[in-house]
Amino acid sequence: MSQYRLKLIYFPHMGREEIARVMLAYAGMEYEDVRIPYAKWPEMKPTMPFSQLPVLEVNGHTICQSGAIVRYIAKLCGFNGSDFIQEAKADMICECCFDIMMRFPWTEENEQKKKEVTEKLLLGSIPDSLKQLEVMLTNGGEYFVGKLTYADVALMNAGQYLLEQKEDILDATPKLKEHLRKIENIPGIAKWLSVRPGGK
Amino acid sequence: MPTYKLCYFNIRGYAEMCRLLFAEAGVEYEDIRYTREEWPEHKPEMLFGQMPVLFVDGEQIAHSRAIVRYLAREFKLDGGNSLNAAKCDMWGEVLYEAFSKISFSEEDEAKKVQLMASVFKEHIHPKLYKYEKIIKENGGTYLLGEKISGIDIVMFSTLDVLNDYLPDGKILEQHPTLKILVEEVKKRPGIAKWLKERPAAEY
């Protein structure tokens, strides 16, 4: 583990990067957790390979794109399943969680429109997607693909955000809700949740 | 070797990069193309009600980029180690992000042309210049250097789909290094054969 010099660079909010941090905490891997204040970003932007964050620096190499970072950290920390099919299924489920989060109107400036779009999502397409994810969980068994992978962590990450928006959003998918709590209570993960910036 | 079946519409779209990976690897698969009329009856069969879906011995992998990553790993086109795989992954995501800013559904033709030009200027061309820099730094023809990987094929596929679809299909005129990459990908035996034989599709 000490062969990897890891540095995660992001803004001071959780986002998808948090999936990587949860895995690193569980695996007990050390890394530098750098959070760039928003005001400092314009001067830093030209120094990043594709002018974006998050970025993972590993042994002198730079990887951007949160999905690529999550998938690489999953391999490093053993969260990528036992074979290529499990890995592909974990990938697919994680992408579904990303898709759900991408539907929110993050860049909408009109507050009223933002509220309307968000409410519509929380009552319509998001519960539909959650039902599909619950079917996948039922097929997977104890975890989405039979063992703990980044798919489970991605579900926890997205689920926590969704519950903040609407506290009963997981009530129609009780298995998914129970699963989220189960992942939160895994000792290596629970410890990180209790100390991380931004809280639980 | 597993039995593969790829399900999509009769277009290149998001499935073509998967088909090209099969072609490069010389691996057989069932290339299922549903018409718009046939789709509603098959939609419930798909895990997330969408395509493309890859069936691997009956197991479903949905989501086009998850499929691409799986096939690249299977066919040893992922750079050979986790770090190279992460780089290919990153380049694929950046490409997808840049091109997904194109709005194909804009109906006002004049506005569509204007939006397209703006997306190319602000998002796509700057990224393509960065890819060219990476290729040169890695001493290659290809993004990882001398050896082809799945991301080169994804790059080709993306540009191939767009070149026919956009009214002014000359994306690569400003990007000679990428032009060379595209030409080299097209010459690969499996890919050249596929390009000759593949069903004609609108985009």
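The values are calculated or read from the model by the stated rules, or taken from the named source; none is laboratory data. Given the structure is predicted, the values throughout are model-derived calculations rather than measurements. Neighbour counts are summed over all protein chains in view; Cβ atoms, including those assigned to glycine, are modelled from backbone coordinates with ideal geometry. Note: accessible area is taken over every heavy atom of the protein model, side chains too, but ligands, DNA and RNA are not part of it. Shrake-Rupley method; radii C 1.70, N 1.55, O 1.52, S 1.80 Å.
Assorted remarks:
- The conditions of being aromatic (Phe, Trp, Tyr), part of a helix (DSSP H, G or I) and either touching a Phe, Trp or Tyr at 6+ places or on another chain (Cβ under 8 Å) or within 11 Å of another protein chain (Cβ to nearest Cβ) (or both) are met by A:PHE98.
- The stretch B:13-28, subset assigned to a loop (DSSP other than H, G, I, E, B) and open to solvent by less than 40 Å² (accessible area, probe 1.4 Å), residue modelled with the lowest pLDDT: B:GLY13
- Residues of the stretch B:95-111 that turn out to be exposed (fewer than 13 other Cβ atoms within 10 Å of the Cβ) and in a helix (DSSP H, G or I), as a count: 3
- Positions within the stretch A:102-152 being in contact with a Phe, Trp or Tyr (Cβ under 7 Å, 6 or more places away or on another chain), touching a residue at least 40 places away in the same chain (Cβ under 8 Å), within 19 Å of B:ALA66 (Cα to Cα) and not in a loop (DSSP other than H, G, I, E, B), in sequence order: A:MET136, A:LEU137, A:TYR150, A:ALA151
- When B:ASP31 is tested against the conditions (1) out of contact with any Phe, Trp or Tyr (no Cβ under 9 Å at 6 or more places or on another chain); (2) more than 11 Å from chain A (Cβ to nearest Cβ); (3) open to solvent by 30 Å² or more (accessible area, probe 1.4 Å), the lone failure is (1).
- When B:LYS101 is tested against (1) within 14 Å of chain A (Cβ to nearest Cβ); (2) without any contact (Cβ under 8 Å) to a residue 12 or more places away in the chain; (3) among the charged types (D, E, K, R); (4) in contact with an Asp or Glu (Cβ under 9 Å, 6 or more places away or on another chain), just one condition goes unmet, and that condition is (2).
- Sole residue being of a type outside the set (Lys, Arg) and surrounded by 18 or more Cβ atoms within 10 Å (Cβ to Cβ), chosen from B:GLY79, B:GLY58: B:GLY79
- Matching option when the condition is at pLDDT below 95 and surrounded by 15 or more Cβ atoms within 10 Å (Cβ to Cβ), among A:GLY159, A:GLY140, A:GLY124: A:GLY140
- Qualifying residue in the stretch A:121-131 (condition: within 11 Å of chain B (Cβ to nearest Cβ) and within 26 Å of A:GLY188 (Cβ to Cβ)): no
- Of the criteria (1) facing chain B (nearest Cβ under 8 Å); (2) more than 15 Å from the chain's Cα centre (by Cα), which one A:TYR72 fails: (2)
- Test: residue in the stretch A:38-53 that is open to solvent by less than 10 Å² (accessible area, probe 1.4 Å), outside any helix (DSSP H, G or I), closer than 27 Å to B:ASP78 by Cβ and without any contact (Cβ under 8 Å) to a residue 60 or more places away in the chain: yes
- Residue that is nearest to the other protein chains (Cβ to nearest Cβ), among those in the stretch B:42-74 that are under 19 Å from B:ALA23 (Cβ atoms), within 16 Å of the chain's Cα centre (by Cα) and not aliphatic (A, V, I, L, M): B:TYR70
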